[in-house]
Amino acid sequence: MESLTKEYASPVCVCMQLRKAGRVVTQSYDRCLRPVGIRGTQFALLKRIACMRRPFITDIGKVLCMDQTTATRNIGLLERAGFVAVGVHPDDARKKVVELTPEGQAKLEEAFPLWEEAQREIREYLGDDRLGNLCSLLQVLSDFSSE
């Protein structure tokens, strides 16, 4: 049994390391955004929806590497909070279109300086070079999922 424990303990697990780092980063953003009552994941969705301008739920999921169920659930939370409106596409009732409400736009604007603070904290901790390298590597890994 001891040899199995050593065997399992020795290799670096990329999944565990990324999930651990992801939790730490998420907690940092959540802490910074707490004063405006949203979480980092909600901010990221609001920001993406604002940038995409009336996207389909499926497109949001693809861009954020989320399955349809997860994207629908997370957008539903934003809808219940009054931050987004979900409607049916006029040409295809199966497609759901998402847009920010005035409340969602206001929340995004209120949260943006706090998000910038979270960004600054991470940049200061890592330094510009390491942050740039990290972002490049994360993009490579994101591209891997679509291969």
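The values are calculated or read from the model by the stated rules, or taken from the named source; none is laboratory data. These numbers were taken from a predicted model, which means no experiment stands behind them. All Cβ positions, even for glycine, are placed from backbone atoms using ideal geometry, and neighbour counts span all protein chains on display.
Below is a table of values for the structure above.
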| read-out | value |
| --- | --- |
| Residue list for the stretch 7-53, filter: farther than 20 Å from LEU64 by Cα, at pLDDT 95 or above and outside any helix (DSSP H, G or I) | GLY37 |
| ARG120 loosely packed, with under 12 Cβ neighbours inside 10 Å, among the charged types (D, E, K, R) and not in a helix (DSSP H, G or I) | no |
| Where a residue in the stretch 91-116 is free of Cβ contacts under 8 Å to residues at least 40 places away in the same chain and its partner, wherever it lies, is among the hydroxyl-bearing types (Ser, Thr, Tyr), with Cβ under 9 Å and at least six apart | LYS95/THR58 |
| Qualifying position, being under 22 Å from LYS62 (Cα atoms) and either charged (D, E, K, R) or modelled with pLDDT of 95 or more (or both), among PHE144, PHE83, PHE112 | PHE83 |
| Checklist (1) over 13 Å from the mean Cα position of the chain (by Cα); (2) surrounded by fewer than 18 Cβ atoms within 10 Å (Cβ to Cβ); (3) among the hydrophobic types (A, V, I, L, M, F, W, C) applied to VAL84, failing item | (2) |
| Which listed residue, of GLU121, GLU110, is acidic (Asp, Glu) and in contact with a Ser or Thr (Cβ under 7 Å, 6 or more places away or on another chain) | GLU121 |
| Residue list for the stretch 54-73, filter: in a helix (DSSP H, G or I) and either among the charged types (D, E, K, R) or at pLDDT 95 or above (or both) | ASP59, LYS62, ARG73 |
